[in-house]
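Below is one structure, written out as structure tokens; comments come after it.
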Amino acid sequence: MKKIFLAIVVAVGALSLTVGFSQAQTSDWTPGGPKHLYVKPKEKPAHHGVYDEDMKCLDCHKWDGTDAYTSATMSMKKTSRGRAPREVVEAAIRDTLKGKGDNREIYVLSTSFDNKPLATVAEFVMDPQSFNLVAMSEKQTEKLFHIYANPNVSLAYVKQRDDYMYFEGALGVQIVGKALQLQGTDPGYEEAARLYIPTLPLPKPNPTIPQPPGVDQLIEMIRPMKIITKVIPERIVIMNRKFKEKGYHAVQIWEPQKK
Ligand code: HEC
């Protein structure tokens, strides 16, 4: 009995060892990552997105050496079928992130420090032309230290679930970019503040009480107190099931035009 018990203990121990080691740490990372994270393209499911006729399964379902990894999303850049024209993608991004018409929305901002990620809920205002985003922050908050150490950030917007079948109406935006941290004395501060401040819920002018301060005055008030974070996107991915109705992929990629 004792022997059987011991055998079980040893077997369970060995099992947990293998489980423990199957998750590679980034230091053991090989280019492209492990094979088990890739789709084995044996049979194409009925819901598979469209792609150009001359393409092979492995054009997308293996590592292509262009990045640290191959993601499903970026493989969509290889096909022209299914990709919406730039104007359509831009209009969809604008429409999704328009907030209440003021281009102000709530995002989750991801930063990292010492290789450990942090996700912070933050309000950003988007410039509808450049898609740059600005946020005003109180000093000494954790994310500011993260950004100072590492300006690579990612933002996510998600339409909250309002019906039972969430995936039917799924709508989200994922942004990857560089964050600039602006102090009141920095040249870009005023421009960023002019984008941000008019979207703040200011009291309505009322002739019987003193007028609320104007934008110019407010900029001078926040200048010594607030840090402005400006995110310059390098890639925006929008996922909208509605794209499919027009024969496009649900996931579309926007990248800034090269100058
Ligand atoms: C243009 C790139 C591209 C080509 C070519 C391509 N795929 Fe895919 N495939 C994708 C992407 C992107 C996904 C992930 C889509 C998603 O789930 O939204 C995917 C997903 C899949 C999945 C997983 C579906 C699921 O729901 O889990 C299978 C299986 C698959 N592909 C098989 C194939 C086969 C077989 C071929 C060739 C006959 C093929 N693919 C060709 C891009 C491609």
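The values are calculated or read from the model by the stated rules, or taken from the named source; none is laboratory data. These numbers come from a predicted model, not from an experiment. All Cβ positions, glycine included, derive from the backbone under ideal geometry; neighbour counts span all protein chains shown. SASA here: full protein model, heavy atoms, side chains in, ligands and nucleic acids out. Shrake-Rupley method; radii C 1.70, N 1.55, O 1.52, S 1.80 Å.
Here are the numbers for the structure shown:
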{"read-out": "Any hit, segment 178-192, residues being among the hydrophobic types (A, V, I, L, M, F, W, C), modelled with pLDDT of 95 or more, within 20 Å of the chain's Cα centre (by Cα) and open to solvent by 50 Å² or more (accessible area, probe 1.4 Å)", "value": "yes"}
{"read-out": "Criterion (closer than 22 Å to Tyr107 by Cα, over 23 Å from the mean Cα position of the chain (by Cα) and open to solvent by 80 Å² or more (accessible area, probe 1.4 Å)) met by exactly one of Pro207, Pro201", "value": "Pro201"}
{"read-out": "Long-range neighbours under 7 Å by Cβ, at least six apart or interchain, first residue farther than 14 Å from Ala72 by Cα and within 7 Å of the ligand (Cβ to nearest atom) within segment 41-58, second assigned to a loop (DSSP other than H, G, I, E, B) and of a type in the set (Val, Ile, Thr)", "value": "Met55/Thr79"}
{"read-out": "Thr208 modelled with pLDDT under 95, of a type in the set (Val, Ile, Thr) and in contact with an Asp or Glu (Cβ under 8 Å, 6 or more places away or on another chain)", "value": "no"}
{"read-out": "Scan of segment 213-238 for residues that are within 30 Å of Val50 (Cβ to Cβ) and surrounded by fewer than 18 Cβ atoms within 10 Å (Cβ to Cβ), ordered by number", "value": "Glu234, Arg235"}
{"read-out": "Matching residues, segment 59-70, being closer than 24 Å to Tyr248 by Cβ and more than 7 Å from the ligand (Cβ to nearest atom)", "value": "Asp64, Thr66, Asp67, Thr70"}
{"read-out": "Candidate set from segment 71-85 (those that are near the ligand (Cβ under 10 Å from one of its atoms) and not small (Gly, Ala, Ser)); member that is farthest from Glu255 (Cα to Cα)", "value": "Arg81"}
{"read-out": "Where a residue in segment 202-231 is farther than 24 Å from Lys139 by Cβ and its partner, wherever it lies, is open to solvent by less than 50 Å² (accessible area, probe 1.4 Å) and not charged (D, E, K, R), with Cβ under 8 Å and at least six apart", "value": "Pro203/Pro212; Pro205/Pro212"}
